[in-house]
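The values are calculated or read from the model by the stated rules, or taken from the named source; none is laboratory data. Just so it is clear, the structure is predicted and the values come from calculations on it, not from any experiment. We work out accessible area using only protein heavy atoms, side chains counted, and drop any ligands, DNA or RNA first. Shrake-Rupley method; radii C 1.70, N 1.55, O 1.52, S 1.80 Å.
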Amino acid sequence: MKCFIVFSICSVVLFSGCNRKNTQQEEGKLQAEPVIKGNLVQMSLSAQQHIGMIVTPAAITQLSEYLRATGTVQPVDSRIGAVGPLARGRIVEVRAKVGDRVEAGQTLAVFDNIEAGELLSQEQSARADLERLKAQSIPAIRQAERSRRLADIGAGAEKDYESSRAEEEGIEANIRSQQALIDGIRQRLRRFGIADDSPRGTFLTSLKAPFSGVVTKAQASPGDVVDAGRDVFTVADLSRVWVQAEVYEKDLGRIRIEQSAFITVDTYPHQSFEGTVAYISDVLDPQTRTARVRCEVANHDLRLKTDMFANIELPTKVSKQAIAVVASALQEVEGKNVVFIRHSPTQFEKREVEKGVTVNSQTEIVRGLKPGELVVTQGAFHLKSILAGGELGED
């Protein structure tokens, strides 16, 4: 009898415990299930955590659309200088090579200038003639003065004075002409780098850098004979460079001259170089239907190297401040654009909105949303599925 009573009591306790457990499970299940009331969806915190829901306050955002292109770094045409001899000569010494950074006026090479040698000979001959004429002018001046005094006192004929005076003036004219000849020769020598006070026994002249920059081409070796006009060195001032890209015809209307451009290169992934659009070609490539666009960029530290690949971002005409949401926040329900607004920790409202432009995955909201309202940016698709009576899915 006692055994039966103990067994009965254990059975009752076990049965009561099972009922309590089943009731708790049913209550938890009911709490986890979403509830729909009109445009409101109620979802428990555990369910929100399960789908990874994220809510973000709506805020006014700067929407700036960018046109992206790839290009290469090139020297600016007006900052490229070709260096070559003005006369035929033979290279004696080369002092610069490709890649060297040079200063303005620095000697790149020395060569034996054949024409300079001829000019120096002409200068010496002209100077000798000048000295001879100056020597002749002294007695001519004295003779003219003597003839004038004799004519004044009536001891000499007037025509003798006039003749002496004409001879003096002729010599002075020859002196001026000879001096002009010498000045012209000296001017030509200065073009070859031979100053007026340089020793006249040497015919060596220098090829000098026209400005500070980098030697990008060198085509000379000691002993080479070069003719006038041949480019021996090329110096590029790379303190400013072009980043040149090809832009498709359909995108040309989105950019303009002097607008900002932002340049990045793989070598410096965390650095951006700012420049401006300096040139848009008026001619399209008939094969690719693209036009050449050049952006001028400051390069004072010479980090940008010629022919380096670069990424270009060009802000387009779309640039304004507006309320915007990410693409995942915007859903379409019954053909209308909606977002979900959180009113309480577990309650969300379906709100119809009017959208504007989409820029870089940000969509402008023209109507229906105010700054500060809490918008579901991740998990909105699940709320939409609940409203539609469908299965909960992943974004």
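With equal scatterers on the alpha carbons only and no solvent term, can you work out the Debye log10 of I(q)/I(0) for the stretch 193-314 at 0.11, 0.22 1/Å?
Listed by q, the Debye log ratios stand at -0.58, -1.24.
Using Cα-Cα distances under 8 Å and only pairs 6 or more residues apart, what relative contact order does the stretch 285-395 have, in percent? Present the calculation step by step, with values, prior to reporting the outcome.
Values: 128 pairs, mean separation 24.8, N = 111.
Taking the mean separation of contacting Cα pairs over the length of the stretch 285-395, I get 22 percent.
Within the accessible area of the stretch 231-294, what % is carbon and sulfur when the probe is 1.4 Å and the other protein chains stay in place?
C and S fraction of accessible area: 47 percent.
With a 1.4 Å probe and every protein chain left in place, work out the accessible area per residue of the stretch 247-395 in Å², rounded to a whole number.
It amounts to 56 Å² per residue over the stretch 247-395.
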